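See below for the structure under consideration.
The values are calculated or read from the model by the stated rules, or taken from the named source; none is laboratory data. The shown structure was predicted, so the numbers you read here are calculated from the model rather than taken from an experiment. Ideal geometry is used to build each Cβ from the backbone, glycine not excepted, and the neighbour counts take in all protein chains shown. Surface accessibility is based on the protein's heavy atoms, side chains included, excluding ligands, DNA and RNA. Shrake-Rupley method; radii C 1.70, N 1.55, O 1.52, S 1.80 Å.
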Amino acid sequence: MTRPWTLDAANGELLLRTGVTGRAARMGHRLTIAMTRWQATVEWSGAEPVAAELVVEVDSFEVVGSRGGVTGLSGPEKALVRSNALSALDARRFPQIRYAADSIEQTARGYRLTGTVSIRGKRREHVIDLGTADLGESWRMSAESVVSQADFGIKPYSLLMGSVRVADEVSLRFEAVHAKGD
């Protein structure tokens with residue numbers, strides 16, 4: 001019997017990347033956002049993972065980079081982005097985003113997790129291909145996935161009468177390292 005693995009931001013990172021659409025999309029910033037408080041738990045049966053859950057604290061949203069835009073993103077603009085995002089996510093009513101894998105299948109590059117993501121009280125099925133790499137003393141896990149804001153009732157932020165809009169699809173990148181002996 002293997003004990004569960006617990007991973008958090010000390011073990012890796014969870015990044016979101018946004019795009020920009022609209023007639024004046026060149027004026028908008030493509031953001032990189034770090035979710036700084038999250039916890040992933042993996043349950044094992046012998047040498048095989050059988051369940052996984054990721055819980056993200058919505059208010060841990062931090063803009064860590066941007067590309068594009070007419071000028072660089074200032075500190076007050078980053079604070080405004082954060083405020084708008086927390087409002088769109090209704091963070092006070094729904095302080096967590098959750099992903100729970102209902103099934104885990106081994107693949108050539110790691111594992112395919114099939115489960116449910118919950119955002120703003122709405123649940124949607126979601127598949128994540130998790131890559132794994134043996135680093136000797138530890139395992140590296142990585143995944144990239146895309147989530148549609150509209151699927152969860154989130155209206156992407158826009159300005160200039162909709163000429164610049166945050167793209168509906170948000171890409172997520174997860175990477176973490178876990179020591180084999182833990």
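Some points to look at:
- Alpha carbon centroid spacing (whole Å) that separates the stretch 90-166 from the stretch 3-49: 8
- For the stretch 31-125, the set of trypsin sites (Lys or Arg not before Pro) satisfying both a DSSP loop assignment and a count of at most 10 other C-beta atoms within 10 Å is given as Arg92, Arg93.
- With contacts taken as Cα pairs under 8 Å at a separation of at least 6 residues, the stretch 48-182 carries a relative contact order of 19 percent.
- Net charge of Cβ neighbours under 13 Å - reference Val58; Lys, Arg +1; Asp, Glu -1: +2
- Heavy-atom accessible area for Val70, with the other protein chains in place and a 1.4 Å probe, reaches approximately 110 Å².
- Counting protein heavy atoms only, the chain has 50 percent of its accessible area on carbon and sulfur, 1.4 angstrom probe.
- For the chain, the longest principal axis of the alpha carbon atoms and the long axis of helix 75-88 meet at an angle near 70°.
- Answer label, with Kirkwood radius over Cα pairs in Å calculated from the coordinates and candidates (1) 16.3; (2) 17.5; (3) 17.0: (2)
- Surrounding net charge for Asp90, when Lys and Arg each add one and Asp and Glu each subtract one, Cβ distance under 12 Å: +4
- The GluC sites (Glu not before Pro) of the stretch 82-182 that meet both conditions, a loop assignment by DSSP and at most 14 other Cβ atoms within 10 Å of the site Cβ, are Glu137.
- Contour minus Cα-Cα distance for Arg124 and Val55 (0.36 nm per residue): 23.3 nm
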